[in-house]
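J.: Can you keep this structure in mind? I'll have questions shortly.
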Amino acid sequence: LDQLRERQPDLVILEGRCYERESVPYKALDGVIDSLTKYLLSLPDAKAEALMPREVLALARLFPVMLQVDAVFHAPQREHETPDPFTLRRKAFAALRELLGRICDRQPLVVWIDDLQWSDADSTTLLEDLLRPPDEPPLLLISSFRSEDLKTKPFLQAMLQKTGGETYREVEVLPLSRSESYTLLHDLLGPSALVLEPFADAIL
């Protein structure tokens, strides 16, 4: 991601991660929506308003943090009654898909979700809805997770079944070699790495 930022200054990167002991709806997207909200707040009001999807208030009902954005807070109320949960979810999913699509129309977009092994089934449903054809937003989604948790996480298995096609790739990150571990240790510790050299093996 740092390399992408250097090569493409106009790149938008939305980052999020899941936490083991956190219990929030759509936990895989919670941090991404926080990041999205910060991005919208960084824009001039007119530009943020131009990105607003038709059902943005439905999205804000699932993720109230978005009400911090003036363009969301002042969006017109399209119906006076609160829709049933199924309809609300459908409208919110469509709004997020439309919003990300409009960002992609203007700038390249990357979404990164870390520790996906602690996600939930609802998040998987939302991610699948975002990426389903036709007319899916042309974004790059990167999700990372611990492979040792794969057997106990059916939603991860369901996502991985889609890898290997034209638009999905699986990349296995193998353990660091001994020399790579030493390099990482020196990068993290800086000048103090030399002082701790005798204890390097114990640290590793």
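J.: Quick one: how many residues across segment 68-89 are surrounded by 15 or more Cβ atoms within 10 Å (Cβ to Cβ) and free of Cβ contacts under 8 Å to residues at least 24 places away in the same chain?
T.: Counting residues in segment 68-89 that are surrounded by 15 or more Cβ atoms within 10 Å (Cβ to Cβ) and free of Cβ contacts under 8 Å to residues at least 24 places away in the same chain gives 1.
J.: From the residues in segment 11-32 that are within 13 Å of the chain's Cα centre (by Cα) and among the acidic types (D, E), which one is surrounded by the fewest Cβ atoms within 10 Å (Cβ to Cβ)?
T.: Among those that are within 13 Å of the chain's Cα centre (by Cα) and among the acidic types (D, E), it is E15.
J.: Next question. Where in segment 51-168 are the helices (runs of 4 or more DSSP H), entirely inside, with at least 2 residues that are within 19 Å of T37 (Cβ to Cβ)?
T.: Working: elements: 56-62, 70-73, 85-106, 121-131, 154-160.
Output list reads 56-62, 70-73, 85-106, 121-131.
J.: Working carefully through the options I103, I113, find the one that is more than 25 Å from A158 (Cβ to Cβ) and touching a helix residue (DSSP H, G or I) at 6+ places or on another chain (Cβ under 7 Å).
T.: On inspection, the qualifying residue turns out to be I103.
J.: Can you name the condition, by its number, that R178 falls short on among (1) open to solvent by less than 90 Å² (accessible area, probe 1.4 Å); (2) more than 20 Å from the chain's Cα centre (by Cα)?
T.: The single condition R178 does not satisfy is (1).
J.: Shifting gears a bit: For segment 139-156, does any single residue satisfy the condition of being under 21 Å from R61 (Cβ atoms) and either out of contact with any helix residue (DSSP H, G or I) (no Cβ under 7 Å at 6 or more places or on another chain) or free of Cβ contacts under 8 Å to residues at least 60 places away in the same chain (or both)?
T.: no
J.: Follow-up question, since we're still on this one. Return the only residue of L140, L126 being open to solvent by less than 40 Å² (accessible area, probe 1.4 Å), modelled with pLDDT under 95 and either within 19 Å of the chain's Cα centre (by Cα) or of a type outside the set (A, V, I, L, M) (or both).
T.: Only one candidate passes the filter, namely L126.
J.: Shifting gears a bit: Does E136 meet the test of being of a type in the set (D, E), free of Cβ contacts under 8 Å to residues at least 24 places away in the same chain and farther than 27 Å from Y19 by Cβ?
T.: No.
J.: If E20 satisfies all but one of (1) under 21 Å from L141 (Cβ atoms); (2) out of contact with any Asp or Glu (no Cβ under 7 Å at 6 or more places or on another chain); (3) in contact (Cβ under 8 Å) with a residue 60 or more places away in the chain, what's the number of the condition it fails?
T.: With (1) under 21 Å from L141 (Cβ atoms); (2) out of contact with any Asp or Glu (no Cβ under 7 Å at 6 or more places or on another chain); (3) in contact (Cβ under 8 Å) with a residue 60 or more places away in the chain applied to E20, the lone miss is (1).
J.: Can you tell me which residue within segment 38-61, out of those that are within 16 Å of the chain's Cα centre (by Cα) and either buried (at least 20 other Cβ atoms within 10 Å of the Cβ) or hydrophobic (A, V, I, L, M, F, W, C) (or both), is nearest to L116 (Cα to Cα)?
T.: Only one residue tops the list, namely L59.
J.: If you don't mind, another one. From the list L99, L194, which one is at pLDDT below 85 and out of contact with any strand residue (DSSP E or B) (no Cβ under 7 Å at 6 or more places or on another chain)? Can you show your working first?
T.: Details: L99 fails: at pLDDT below 85.
Just one listed residue meets the conditions, L194.
J.: Just to be sure, is A202 open to solvent by 60 Å² or more (accessible area, probe 1.4 Å) and free of Cβ contacts under 8 Å to residues at least 12 places away in the same chain?
T.: yes
J.: Please work out which one of (1) over 20 Å from A121 (Cα atoms); (2) among the hydroxyl-bearing types (S, T, Y); (3) in a loop (DSSP other than H, G, I, E, B) is the condition Y39 fails and give its number.
T.: Against the list (1) over 20 Å from A121 (Cα atoms); (2) among the hydroxyl-bearing types (S, T, Y); (3) in a loop (DSSP other than H, G, I, E, B), Y39 comes up short only on (3).
The values are calculated or read from the model by the stated rules, or taken from the named source; none is laboratory data. Keep in mind the model is a prediction, meaning the values are calculated, not measured. In this analysis, Cβ positions are derived from the backbone assuming ideal geometry, glycine residues included, and neighbour counts consider all displayed protein chains. Note: areas computed on protein heavy atoms with side chains; ligands, DNA, RNA excluded. Shrake-Rupley method; radii C 1.70, N 1.55, O 1.52, S 1.80 Å.
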